[in-house]
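Structure first, then comments.
The values are calculated or read from the model by the stated rules, or taken from the named source; none is laboratory data. Please read all numbers here as calculations on a predicted model, not as lab measurements. Here the Cβ is made from the backbone with ideal geometry for all residues, glycine too, and neighbour counts use every protein chain on show. Heads up: the accessible areas ignore ligands, DNA and RNA and are worked out on the full protein's heavy atoms, side chains in. Shrake-Rupley method; radii C 1.70, N 1.55, O 1.52, S 1.80 Å.
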Amino acid sequence: MDLIGKPVIVVLKVGVEYRGILKTCDAQMNLKLLEVQEWKDGKMTAEFGNTEIKKEEMLSMRVEISKKIV
């Protein structure tokens, strides 16, 4: 499954989540995200245009699934 261009949530070892669009992921799992929001304790704390995340900083990554209310 190709995740490039998909919204992802990256959990960092320091206890924050970065939510954004996955631009690139190299063979070492270093990431580049677009339209990034930083979340801590369930609240958005900052916004960034683009950011790079090194593998050593990551705890996990998952695809962000939007909730639809019917």
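Residues that are in contact with a Gly (Cβ under 6 Å, 6 or more places away or on another chain) and at pLDDT 95 or above occur at least once in the stretch 36-47.
Cβ-Cβ contacts under 9 Å between residues 6 or more apart (or on different chains), taken from a first residue in the stretch 12-28 that is free of Cβ contacts under 8 Å to residues at least 12 places away in the same chain to a second residue that is open to solvent by 60 Å² or more (accessible area, probe 1.4 Å) and part of a strand (DSSP E or B), are listed as ASP26/LYS32.
Checking each residue in the stretch 48-68 for being within 12 Å of the chain's Cα centre (by Cα) and more than 19 Å from LYS13 (Cβ to Cβ) picks out ASN50, VAL63, GLU64.
Whenever a residue of the stretch 36-53 is among the basic types (Lys, Arg), its partners that are open to solvent by less than 100 Å² (accessible area, probe 1.4 Å), lying with C-beta atoms within less than 6 angstrom and at least six residues away or across chains, give the pairs LYS40/VAL16.
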